[in-house]
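The values are calculated or read from the model by the stated rules, or taken from the named source; none is laboratory data. Predicted model, so just to flag it, every value in this text is computed and none were measured. Cβ placement follows ideal geometry from the backbone for every residue including glycine, while neighbour counts extend to all protein chains displayed. Please note that ligands, DNA and RNA were not included when accessible areas were found on the heavy atoms of the full protein model with its side chains. Shrake-Rupley method; radii C 1.70, N 1.55, O 1.52, S 1.80 Å.
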Amino acid sequence: MSKLADIIDGKQIAQAVRQESKLLLAELKSNRGIIPGLTVVLVGDDPASAVYVRNKEKACQEAGISVTTHVLPSTVAETTLLNLLDQLNNDSSCHGILVQLPLPRHLDADKVIELINPMKDVDGLHPLNIGLLAKGTPRFVSATPAGIQQLLGRSGIDPAGKRVVILGRSNIVGKPLALLLMQKDKMANATVTVCHSATPSLESFTSQADILIAALGSANAVTGDMIKPGSVVIDVGINRVEDSTRPKGYRLVGDVDFESAQHIAKAITPVPGGVGPMTIAMLISNTYHAAILSVG
Ligand SMILES: NC(=O)c1ccc[n+]([C@@H]2O[C@H](COP(=O)([O-])OP(=O)(O)OC[C@H]3O[C@@H](n4cnc5c(N)ncnc54)[C@H](OP(=O)(O)O)[C@@H]3O)[C@@H](O)[C@H]2O)c1
């Protein structure tokens, strides 16, 4: 029987990152009297978004961040949301602002993100922060890509010189991740290829990847036969699939078919318990940096 892939334990690595941040936050409080403040804005009643926000609140508070959450109705007028952001931009006790995405359709997410003070943009989505990352001088890196880089680094997997293939080109995951891993820097320096829905013959790319990162949003789309033997597979996807044996009637699966992939890959992240916990850990770290930046 073939050896199964090593599991990259995102839960454990995220716990270590959170512990480090907790110490830094305690130091910041005792040495400089600063308690970083994070404000989360949740619009509407999407159950998945509500769970994500609750998890972020809990983890940030546990680390020593003061969290305030504004919950706005799904019908909120754009001006109301923009006025709230304007107020937060000018509130010195608020160091980081996170608007939970996706927003209801009538709201223009780009416009909303562009209104966030880029020095408080702990999600790293403001065009100025994306531009700094593209230029090679990152300030805030979007939490999921930053978390993936940490997952690799802390598992002893250096992307330098490796062929990395990213499936998905979203502004939240695929694009910033490609920018991050192609940097001329430590834990980067990879040769990056980004695939998307217009990529013909996905397997011809995935089968060449030393590190394959799937962020498609399509349950079990990447199967073992598409993967290069001995590669590292990072599964970003979080998809609900029906499962009548579970109390909630569904379970979470990734974009990678774990069952077949674990026989081919050298190392793989599980879903849940892989990339997800890292995203929260990096939000804590970004909020700490926002507080540091605010005092120079
Ligand atoms: N673990 C975490 O913390 C975390 C954080 C964020 C997202 N996620 C999960 O990661 C997944 C991706 O999220 P996202 O926000 O990046 O999704 P998204 O905005 O829907 O983007 C999906 C990307 O995948 C591409 N794609 C879709 N189907 C494809 C196919 N069959 N072949 C090739 N490319 C395909 C799309 O191509 P086009 O651009 O051509 O449409 C798009 O670029 C989702 O499951 C999401 O829930 C997890």
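Observations on the model:
- Residue list for segment 240-255, restricted to those being more than 14 Å from the ligand (Cβ to nearest atom), open to solvent by 100 Å² or more (accessible area, probe 1.4 Å) and either in contact with a strand residue (DSSP E or B) (Cβ under 6 Å, 6 or more places away or on another chain) or not hydroxyl-bearing (Ser, Thr, Tyr) (or both): Glu242, Arg246, Pro247, Lys248
- Checked against the criterion of being more than 17 Å from the chain's Cα centre (by Cα) and among the β-branched types (Val, Ile, Thr), the candidates Val222, Val275, Val233 yield just one match: Val222.
- Residue identified as basic (Lys, Arg), touching a residue at least 40 places away in the same chain (Cβ under 8 Å) and either open to solvent by 30 Å² or more (accessible area, probe 1.4 Å) or within 16 Å of the ligand (Cβ to nearest atom) (or both) among Lys186, Lys162: Lys162
- Selection status of Leu103, more than 28 Å from Ile35 (Cβ to Cβ), at pLDDT 95 or above, under 20 Å from the mean Cα position of the chain (by Cα) and buried (at least 17 other Cβ atoms within 10 Å of the Cβ): yes
- Whenever a residue of segment 267-281 is small (Gly, Ala, Ser), its partners that are near the ligand (Cβ under 8 Å from one of its atoms), lying with C-beta atoms within less than 8 angstrom and at least six residues away or across chains, give the pairs Gly274/Gly254; Gly276/Ile238; Ala281/Gly147.
- Residues located in segment 256-291, provided they are within 13 Å of Ile65 (Cβ to Cβ) and either assigned to a loop (DSSP other than H, G, I, E, B) or open to solvent by 40 Å² or more (accessible area, probe 1.4 Å) (or both): His289
- Scanning segment 258-286 for residues that are among the polar types (S, T, N, Q), closer than 26 Å to Pro229 by Cα and within 16 Å of the ligand (Cβ to nearest atom) returns a single hit, Thr269.
For every residue, the table says whether it meets (1) closer than 30 Å to Asn220 by Cβ; (2) surrounded by 15 or more Cβ atoms within 10 Å (Cβ to Cβ); (3) of a type outside the set (Asp, Glu).
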| residue | (1), (2), (3) |
| --- | --- |
| Val71 | no, no, yes |
| Leu84 | no, yes, yes |
| Ala109 | yes, yes, yes |
| Leu125 | yes, yes, yes |
| Phe140 | no, yes, yes |
| Thr144 | yes, yes, yes |
| Leu151 | yes, yes, yes |
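- Matching strands (runs of 3 or more DSSP E) fully within segment 16-131 where at least 2 residues are farther than 15 Å from Thr279 by Cα and out of contact with any helix residue (DSSP H, G or I) (no Cβ under 6 Å at 6 or more places or on another chain): 37-43, 66-72
- Lone unmet requirement of (1) touching a residue at least 40 places away in the same chain (Cβ under 8 Å); (2) within 20 Å of Lys3 (Cα to Cα) for Asp257: (1)
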